[in-house]
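Participant: First the structure, which I've put down as structure tokens, then a few questions once you've had a look.
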Amino acid sequence: MIKELLEIIKKEEGSKMQDGKHIPYRCSENKLTLGYGLLIDPDVPGAGITDAQAMMLLETSVNQFLVELHNNLPWYKEQPDPIKIAIANMAYQLGVPKLLQFKKTLDHIENGRYAMAAAECKNSRWFQQTPNRAERVAEVFNNYSKGE
């Protein structure tokens with residue numbers, strides 16, 4: 001029954017996609033909507049998503065880009081957990097394609113030169129744009145290079 005209901009709702013509500021991803025759109029009542037009729041318009045009382053829905057989206061997104069990291073950085077799985085988490089944190093914010101442009105940083109990480117990776121992070125446009133987060137990521141690399 002649930003599967004049939006989901007298919008009916010998808011058909012009835014519709015959605016808007018771009019480049020294979022759902023994007024926000026205005027429904028027939030001109031309210032901001034996402035996915036299959038999920039009302040997210042901040043001007044409508046009660047609209048938005050619950051914490052459980054946000055957590056589900058976060059977990060799905062993280063799982064998806066972790067697969068991308070493993071596919072694009074074969075050495076990723078061999079890194080210590082704090083380093084993997086720092087790289088994943090960057091990937092979540094930047095997206096994997098943009099992260100892959102950090103060629104010097106990634107080369108330093110792959111070869112265990114974590115302090116140099118931290119320096120590269122601090123010498124990036126990313127650091128200028130989001131200095132607090134980038135500093136925390138760089139600190140993970142620095143701390144690991146010191147054996148912490």
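Participant: If you go through the stretch 65-122 one residue at a time, how many are of a type in the set (Gly, Ala, Ser) and either farther than 20 Å from residue 139 by Cα or within 20 Å of the chain's Cα centre (by Cα) (or both)?
Facilitator: Total meeting the criteria: 4.
Participant: Taking into account only those residues within the stretch 7-38 that are in a strand (DSSP E or B) and within 22 Å of the chain's Cα centre (by Cα), which is surrounded by the most Cβ atoms within 10 Å (Cβ to Cβ)?
Facilitator: Per the stated criteria, the residue is 33.
The numbers here are math on the coordinates, done by the rules we state, and not lab data. Predicted, not measured: the structure shown is a model, and the values here were computed from it. Backbone-built Cβ (ideal geometry, glycine too); neighbour counts: all protein chains shown.
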